[in-house]
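Have a look at the structure below before the remarks.
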């Protein structure tokens, strides 16, 4: 993303913007970075950094942005491919993997919380150790709950798509039925008028 911005605005413009922003930060490291960027800006203005070098830096940034976009596109493509394979699978377990994972996470979370409550209430002297141990599990829970969140989000999208497809079919049938009724009504009126 940063590479894309650099490729669009160019290094000199970005150097000036970052230099100005960092000069207002009340931090010695930020001020040092601002001064370093000031020196780079002066070097560019005095011609110590040639236009060819700047073009090469911009070309490099553009290539980085291109590779980053391609990497993102490949990741999304792989995710979509695996989700399509899951949906198309005739194996019931593959289709039920998301709910199974969700139930396992919920059961595990409940067991862990009940165990924590038990220790806090009945074995109070060990509570601090258990709470510290559970704190160490934070990263594992973050990963598991993130995966569950993606599963729930994707399932919600699948349901929306199915809902709209079903409603589209229903609307199409209603339109066809209304059309048939209108045509039959016109025919009846025509017969009655004749």
**OP:** Would you calculate the separation in nanometres between label points at residue 23 and residue 60, each defined as 7 Å from the Cα along the Cα-to-beta-carbon direction?
**Re:** 2.6 nm
Original post:
Sorted from fewest to most neighbouring beta carbons within 10 Å, what does the list 154, 63 look like?
Top reply: 63, 154
Original post:
Using the 10 angstrom Cβ neighbour count as an exposure proxy, how do 24, 60 rank, fewest first?
Top reply: 24, 60
Original post:
Can you put 62, 56 in order, fewest other beta carbons within 10 Å first?
Top reply: 56, 62
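Multiplying the sequence separation of residue 126 and residue 106 by 0.36 nm and subtracting their Cα-Cα distance, what value in nm do you get?
My answer for the length gained is 4.7 nm.
Every number in this text was worked out from the coordinates using simple rules, so none of it is lab data. As the structure is a computational prediction, the values presented were derived from the model and not from experiment. As a convention, Cβ positions derive from the backbone with ideal geometry for all residues, glycine included, and neighbour counts pool all protein chains shown.
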